[in-house]
Every structure is written in C-alpha cells, then in structure tokens.
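One structure, as structure tokens, below. Some questions next.
The values are calculated or read from the model by the stated rules, or taken from the named source; none is laboratory data. Note that the structure is predicted; figures quoted are calculated from it, not measured. Cβ coordinates were reconstructed from backbone atoms using ideal geometry, including for glycine residues, and neighbour counts include every protein chain displayed.
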Amino acid sequence: MIFNIGSKDEKSTMYELEFPSPFDFNTAPTIVWSYTNGELLSSKVSGAQRTENGNTIITEGDFGYWEVTSSKEIVW
C-alpha cells in the first residue's frame, strides 16, 4: 500500500499495488484498489494499513484516522 500525498491543489490517494513477478518483463505495477475523496489531503505523516476484516485504516497526519471498506464506504 502506498499513500500518495498529492499536492496542495490535488487530493491525496491511497493505492494498493500488485507488482509483477520477477520473471515478468512488464515492470509496471497493477492498481488493485485505490481510495480518495475531497477531504483527504495530507502533506505530513500519513499512511495506510489493511486490517484483518478487509477494511483499510488510513492515517492522515493533519486530521486523524479513516476506516474505509473495500467498497470505499467510510466506516469512521
């Protein structure tokens, strides 16, 4: 998982990437899942972690925490 902080004119986006096997010459990763919304913008300490129930906890350095389902519904 990668948290792209964006810029002051953009939104931050969280990506889950799948990288090709070492024997695959296509070196571009595949975006498996991503999440953003109009309120998600953080230029400081931020990240994301997948939980056991499949939800994603997103930490936004200037705000706090988000929990998002795999269908991109905000839980809290």
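Within the range 34-51, which residues are assigned to a strand (DSSP E or B), without any contact (Cβ under 8 Å) to a residue 40 or more places away in the chain and either surrounded by 16 or more Cβ atoms within 10 Å (Cβ to Cβ) or among the basic types (K, R) (or both)?
Y35
Return the residues of the range 52-76 that are touching a residue at least 12 places away in the same chain (Cβ under 8 Å) and either in a loop (DSSP other than H, G, I, E, B) or touching a helix residue (DSSP H, G or I) at 6+ places or on another chain (Cβ under 7 Å) (or both); say none if nothing qualifies.
Answer for the range 52-76, where residues must be touching a residue at least 12 places away in the same chain (Cβ under 8 Å) and either in a loop (DSSP other than H, G, I, E, B) or touching a helix residue (DSSP H, G or I) at 6+ places or on another chain (Cβ under 7 Å) (or both): G54, N55, G61, D62, F63, T69, S70, K72, V75.
While we're looking at this one, here's another question. If I filter the range 35-51 for residues that are over 17 Å from G6 (Cβ atoms) and either among the basic types (K, R) or at pLDDT below 90 (or both), do I get at least one hit?
Checked against the condition, which is being over 17 Å from G6 (Cβ atoms) and either among the basic types (K, R) or at pLDDT below 90 (or both), the range 35-51 yields at least one hit.
Now for a different question. Modelled with pLDDT under 85 and surrounded by 10 or more Cβ atoms within 10 Å (Cβ to Cβ): is that true of S21 in this structure?
In short, no.
What's the number of the only condition in (1) closer than 13 Å to F3 by Cα; (2) without any contact (Cβ under 8 Å) to a residue 24 or more places away in the chain; (3) in contact with a Ser or Thr (Cβ under 8 Å, 6 or more places away or on another chain) that I31 fails to meet?
Looking at each condition in turn, I31 falls short on (3).
It is to be established whether one or more residues within the range 60-76 are modelled with pLDDT of 90 or more, over 11 Å from the mean Cα position of the chain (by Cα) and among the aliphatic types (A, V, I, L, M).
Looking for residues that are modelled with pLDDT of 90 or more, over 11 Å from the mean Cα position of the chain (by Cα) and among the aliphatic types (A, V, I, L, M), one finds at least one in the range 60-76, hence yes.
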